[in-house]
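The values are calculated or read from the model by the stated rules, or taken from the named source; none is laboratory data. Nothing here was measured: the structure is a model prediction, and the numbers come from that model. All Cβ positions, glycine included, derive from the backbone under ideal geometry; neighbour counts span all protein chains shown. What goes into the accessible areas is simple: the full protein's heavy atoms, side chains included, and nothing from ligands, DNA or RNA. Shrake-Rupley method; radii C 1.70, N 1.55, O 1.52, S 1.80 Å.
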Amino acid sequence: MLKFNKRYNEIIMEYSENQKRFQNITLAIVPGSFKPPHKGHWEMVMEYANQSDKVLVLISNISEKANSNRVLSKSSLLPLSKILSNYTLENEQAISIVNSIKEHTDTLTLSILENYINNLLQYLEVDSSMYKDLTKFISKLKQSVRKSIRTTVDGKEITPEQSKQIFDIFINAYNMQNKVIVEIGEKASPMSSAVPIINDECENCKILLGTSNKGDDGARWPSFMNSFNKENNNEFIEATVDVKTNISATQIRNNIHNLQKDWFPDKLSEKDFQLIRTILNS
C-alpha cells in the first residue's frame, strides 16, 4: 500500500510538472507600471481581449519596499568599491564592516547596504573625506533606486498593489474575470517578469506582445526576444493597439484629490469610483 501511494504521488507530481498554465491559446501580455490604471489602459486591455483568449496584465514591481529589497547591480556598487579602496582604516570594527560589505556584494540590497554604511559612519569623523564620500554615495544610490517610484503631488507612493486593486475593480465591472488576469511582476521591468512566464508556463501559444501607440512602448520588447524559449512552440507577435483616450497617469497623480469619473472606464458605478478614490487617497 505504501509503495502504491508513493508511486501515485510521483505520477501526480510528474503530471503537474508537465502542465503549463497557458497551452494552445492566444495570449496577450500587456506590461506597464499602470500607476494608476485609467480609461486608456483599460481601452488597451479590452482591445487585446478582442484579439486573444486570455490577457495577462503585468504590473512592474516598482515600489519603495520592493526597490529597497532588490539585489543591487554590480555597476551601481562600483563607486562604493572605489571609496573603500581609497581609504585605510585602523578601527577593527570598521574594518569588519568593510569586509562584510565586500563579502556580500552579490546579495546586497539598498536596505542592507544602508545599514552597513550607517554602522560604518559611526566609526568615522564627520568631517573626514571618507565620511563625506560614503554619505554622498548612499544618497545618490537611494535617489537612483527610488527615482522610478510614482508618487502623487503630496508625495504618496502609488504601489503595485494599489494598481492591481483598481484593475480588479475594472475586471469586475466588465465581468472579465475569465478573460483578464492581472499580476504584479517579480521584477521592476514587467518585460523581464514576462520572460519566465513565457518560457515556463506557455506552450503552443500565439503570444501577442502588447504595446500601445503612445511614447516608446513599442521599443521595449525587442531586447527581450532572444530570452524567449523557442522549444515550447510559441509564436511571438508584436501587437500595437491604438489608444484614443488622452488621460495620463501623471495627470491623475497631479489631481489625486480632484479625480474625475470619466478618467476611468465607462461601466464603473459610482460605488466603484468612490472605492478607487479611497484606494488612491489612502
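Tell me the accessible surface of SER33 in square angstrom (1.4 angstrom probe, heavy atoms of protein chains only), to the nearest ten.
SER33 has an accessible surface of roughly 40 Å² with all protein chains in place.
Leaving out ligands and nucleic acids, note down the accessible area per residue over the stretch 152-282 with a 1.4 angstrom probe, in whole Å².
Spelled out: the 1.4 Å probe surface of the stretch 152-282, per residue, equals 52 Å².
State the Cα centre-to-centre distance between the stretch 222-259 and the stretch 115-183 in whole Å.
Centre-to-centre (Cα) distance: 21 Å.
Helix 270-280: angle to the longest alpha-carbon principal axis of the chain, degrees 0 to 90, nearest 10?
20
Could you list which residues have their amide H under 5 Å from that of ILE184, counting only those 5 or more apart in sequence or on another chain, with H placed in the peptide plane?
So ILE184 has HN proximity to ILE59.
Take the solvent-accessible surface of the protein heavy atoms, probe 1.4 Å, and return the percent of it on the stretch 62-190 that carbon and sulfur atoms account for.
Roughly 46 percent, rounded to a whole number.
So how exposed is LEU208, as accessible area in Å² (1.4 Å probe, rounded to 10)?
10
Using alpha carbons only, how many degrees (0 to 90, rounded to 10) separate the axis of helix 39-51 from the longest principal axis of the chain?
That works out to roughly 50 degrees.
Could you tell me which residue out of LEU58, ILE83, ILE25 lies farthest along the dipole of the chain toward its positive end? Charges go on the beta carbon: Lys and Arg +1, Asp and Glu -1, centred on the Cα centre.
Positive-most Cα among the choices belongs to LEU58.
Run the helix sum for the chain: -39,500 (n - 2.57) per DSSP H stretch of 4+ residues, divided by residue count, reported at 222 nm to the nearest 500 deg cm²/dmol.
Mean residue ellipticity, 222 nm, calculated: -14500 deg cm²/dmol.
Is there a quick way to get the dipole size of the chain? I mean about its Cα centre, with the Cβ of Lys and Arg at +1 and of Asp and Glu at -1; what is the value in debye to the nearest 20?
Charge dipole of the chain: 320 debye, to the nearest 20.
Can you list the HN-Hα couplings for the stretch 196-204, worked out from phi with the Karplus curve (6.51, -1.76, 1.60; θ = phi - 60°), rounded to whole Hz and with x for Gly and Pro?
Listing the rounded values in order: x, 5, 5, 6, 9, 10, 10, 8, 6 Hz.
In debye to the nearest 20, how big a dipole does the stretch 47-112 give about its Cα centre with +1 on each Lys and Arg Cβ and -1 on each Asp and Glu Cβ?
Roughly 100 debye for the stretch 47-112.
Output wanted: per-residue J couplings in Hz (rounded whole) for the stretch 260-266, from phi through Karplus 6.51 cos²θ - 1.76 cosθ + 1.60, θ = phi - 60°, x for Gly and Pro.
Running phi through 6.51 cos²θ - 1.76 cosθ + 1.60 with θ = phi - 60° gives 10, 4, 6, 7, 10, x, 4 Hz.
Using only protein heavy atoms and a 1.4 Å probe, report how much of THR250 is accessible, in Å² to the nearest 10.
In the full protein context, THR250 sits at about 70 Å².
Please list 3J(HN,Hα) in residue order for the stretch 71-77, calculated via the Karplus relation 6.51 cos²θ - 1.76 cosθ + 1.60 where θ = phi - 60°; whole Hz, with x for glycine and proline.
4, 6, 6, 5, 5, 6, 9
List the GluC sites (Glu not before Pro) within the stretch 81-152 that DSSP assigns to loop and that have no more than 11 neighbouring Cβ atoms inside 10 Å.
Here the sparse-neighbourhood loop sites are GLU90, GLU125.
Amide H neighbours of ASN229 under 5 Å, counting only residues 5+ apart in sequence or on other chains, H built in-plane at 1.01 Å?
ASN199
Can you tell me the dipole magnitude for the stretch 205-282 around its Cα centre, using point charges on the Cβ only (Lys, Arg +1; Asp, Glu -1), in Debye to the nearest 20?
Its charge dipole is roughly 240 debye.
Is the chain rounded, prolate or oblate when judged by the Cα gyration tensor, a ≥ b ≥ c being the square roots of its eigenvalues, rounded requiring a/c under 1.5 and prolate requiring a/b larger than b/c?
oblate
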